[in-house]
1. Can you compute the modelled spin-label distance between A:GLN67 and B:THR43, with each label point 7 Å from Cα toward Cβ, in nm?
2. With the Cα gyration tensor of the range A:212-270 giving a ≥ b ≥ c as the square roots of its eigenvalues, does the rule (a/c under 1.5 for rounded; else a/b larger than b/c for prolate; else oblate) give rounded, prolate or oblate?
3. Of the options A:VAL124, A:SER3, A:SER23, report the single residue whose Cα projects farthest towards the positive end of the charge dipole of chain A (beta-carbon charges: Lys, Arg +1; Asp, Glu -1).
4. Quick one: plug the Kirkwood hydrodynamic radius of the range C:95-165 (C-alpha pairs) into Stokes-Einstein at 25 °C, 0.890 mPa s, and report D in µm²/s.
5. Of the residues A:PHE192, A:PHE138, A:PHE270, which exhibits the maximal mean-square fluctuation in a Gaussian network model of chain A defined by a 10 Å Cα contact cut-off?
6. Kindly identify the range C:2-243 as rounded, prolate or oblate by the Cα gyration tensor criterion: order the square roots of the eigenvalues as a ≥ b ≥ c, call it rounded if a/c is under 1.5, otherwise compare a/b with b/c, prolate if a/b is larger, else oblate.
7. Direction-averaged shadow area of the convex hull around the Cα atoms of the range A:112-184, nm²?
8. For B:ARG162 and B:ASP102 in one chain, what is 0.36 nm times their gap in residues minus the Cα-Cα distance, to one decimal in nm?
Amino acid sequence: MASRPPVKFFQVGSFAAGNRLLSEDDRTVQSGRDRSNALTKGHRACQGCGEALGARYVLDAAMRATQGRLVAANATGCLEVFSTPYPESSWRLPWLHSLFGNAPAVAAGMAAALRAKGRTDVRVIGQGGDGGTLDIGFACLSGMFERGDDVLYVCYDNEAYMNTGVQRSGATPPAARTATTKPVGEEPGSAFGQGKNAPLIAMAHEIPYVATATVADLHDLEAKVERAMSLHGARYLHVLVPCPLGWGARAADTIRLARLAQETGLFPVFEAEDGEVVAVSKIRRPVPVEEYLRLQRRFAHLFGDAPRTDVIERLQAIADRNIRRFGLVEEVAA
Amino acid sequence: MFEVRVHGRGGQGVVTAAELLSVAAFREGKYAQAFPTFGSERTGAPVTAFCRIADSAIRAREPIIEPDAVVVQDPTLLRQVDVFGGVGPDAYVLLNTTRSLDDLGLAQLAVRLRPDRLVAVPATELARTHLGRPLPNAALLGAFAALTGVVSLESVTEAIRRRFSGATGDGNVAAATAAFDEVRPDRAYAHA
Amino acid sequence: MRDQLEGSQGIARTVARCRPEVISAYPISPQTHIVEALSDMVRTGELAPCEFMLVESEFAAMSAAIGASAMGARAYTATASQGLLYMAEALFNASGLGLPIVMTLANRAIGAPINIWNDHSDAMSQRDSGWIQLYAESNQAAIDLHVQAFALAEELSLPVMVCVDGFVLTHAVEPLDVPEQTEVDAFLPPFEPRQVLDPDDPVTIGAMVGPEAFTEVRYLAHAKQMQALDLVPEIASRFTQAFGRSSGGLLRRYRTEGAETVFVALGSVLGTIEDVVDGLRESGERVGALGITCFRPFPLEEVREALAGARRVVVVERAFAVGIGGIVGQNVRLALEGLPPVVHDVVAGLGGRAVTRRSLESLLADVRAGRLEPGRLHFLDLDTGLVERELQRLQERRRSGPHAENILRDLGAVAARPY
């Protein structure tokens, strides 16, 4: 289980992570001047891109955990495209982009090479978006898990194929509008009853470590990366990264949306080891899903003149189920 | 060049038989090429294997259409596969059976061939006795050595031992030797 | 050491002696014996240090090899047919990235209809993938080509596939000279990558390239592969010096001096063709054979020079391009452009159909008698009656049934026959 800082932070209207209140040892990697900036400035991501944020958070934490002895395999997708506009690159670690569907296999090959060479000091990260991880890369991901390759695989989940123009993926939530799940016809947006729960699937492989996180809780995310890098074998980190363009949200709302996703219960934040949940991030006060949905134009069709309260209720039911299933709400003594 | 065709079913060691024959020939300083034709792995399916033996390097890569010798490991194939296709009047035919040629409906074949070159050997029974399993290939190799003299029994048994160790090796060697003795009781004439 | 070995075993032992550090392979007939043998050698420690990855698909196999090679490890895989297609995307990726992966391709037909037997349609389908393609005429050649392949790949920083006819070679047992470890070590130095992922010197590999530079990058890939036309013979001659036997090279001529007719082919069928040539030469015919060992890059000048003096050329190939015709034949015609020899293009041995001495002799008789139109693709041993009946069926009924079933029924292949 990831270690937590000794002080709990409550949102007081600013987005400060509260580092000034902590001793230096407990501060985030990001707050330090000597952070790696493994994904450095100059990349071409959209303003407010959750993935750029998430990748920087994850990789800098991983670089610190490995003292900079890290190599990365990256799937095709937004992250790969905006970070390497030829002839520039914003990666400051050894980085390989192969194909869309093979990042887990490429990473596994890298880990095998290091093992063959006896290089126990260098660690491997595989990373990709939800499409590259859950759909086209799924077989490779599962293979990596079942073999137990020594790779931390990170999925940056913005819930659709963003780089190609916002098409539905296996991670697109029900009712969401995408270019291939428009709000026309009987069922508005993406269908209910479809989609995959990647973290649960990872857990079913009983790998040493599975965790979910969002860009809203930096401490939590960094702690989980550190925990993951302290272990060996196949590890999986699933990070929710809002996409202003694809979600139809304000660039300034990225972190807020990530926090709301967690606080509604729609995106459970937890850790699991060897197939069993060992820790969850509790929701202090569950937020109704509507508050989260209203901020995104991909759900705009649920509101307006003919509101689809029935759909919103179904989404609320999903959130409630998650809360119940993962025990996300504090039990309050009567 | 001496060309051998082995017919049998998957699981009877047909491919191994051809391979061991080629190893035996190699041991005697000859050139040999063995290869199978078969479909996807399936026990009981008809399998054909080939072996060419020559004094110079073998380049041909085609099936054997006019065999100098045919070994039939499984007589139930007679109704299913044209095992005697291309067999000429001087060919050797070695059958794994306890039944008579008439019983098998092979009286016509007997007329086409030289009488001393058409031989039946109870290879499965010999294998059961010496090896404890109904795998007739080693026995048939011993019989082949006796019948044709193309390879010696010694080469055959050495090839067997190279492939099978311990009790399996012993059993196969015993079966091969027993079959050899059945076909050619006087081992002094082992070499053609 | 010389021993009577199955082709696959010979290849596996030789590959092991080339000291691969990562082997990632997915089983597919007829490659299985090769990867099984390598797996055993890794388990027993005979091949060490080496990681054998039990991957979940051929796509994963090539992807893992890409990752491993980019890390500076000598990477190897093997596949056939459908497996090659499944990794097609990764093939182009590997060559585009310039990773010196070596792969054994146990040539097998591509479906549909599914067919596990030998022909060259798999390799031919990927002839434009940017991989160097070498074809083995025999199992000894296969063994020798693998050693040379690693040297070639690493020198050029390009992946190389060694094509070995499935079943015909992979499952044939014959006398083979497997090089000793010391001999291979002397010939093949440790892998020194031209690009590598190294935390001490980070690089970005695999960036997007736009219209402003893509053409130049692709030109360089072409130019790099063309360098193999010089390097392949050079490595072959180094091999001869080191191992004492002639092997590899771009082409292999067999009795082409003064030949009026020359057969051209790739792979194991050359063995049978050489027997045919010897037989015909004995009866006074001026026939020869040209084996193309290096098909990609295609040695245009060398082929031109080898065939220029012939009156006619008969290309015998084990694949064809649906909708247009022969593949090797097309390349040979290009090489002979403007020169007198007439090129006949013959497709033979598809899906494992044997190419027999008899058929080849009969083919040559047809060619010499002018019964074969040079401009048209000719299918050797095609049963025209069967085909015509099937075409007739297609015309008469919309739901005429699957071709293969109808043909086999016509052939009586499913019914028992008396001996």
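1. Label-label distance for A:GLN67 and B:THR43, simple model: 5.7 nm.
2. Prolate, because a/c is 1.5 or more and a/b exceeds b/c.
3. Checked the options; the winner is A:SER23.
4. After rounding, the answer is 197 µm²/s.
5. A:PHE192
6. rounded
7. Its average projected convex-hull area is 5.8 nm².
8. This chain segment gains 17.8 nm when fully extended.
Read-outs: derived from the displayed coordinates by stated rules, not from any lab. Keep in mind it's a predicted model, so treat the numbers as computed, not measured. Positions of Cβ are generated from backbone atoms using ideal geometry, with glycine treated the same way; all protein chains shown enter the neighbour counts.
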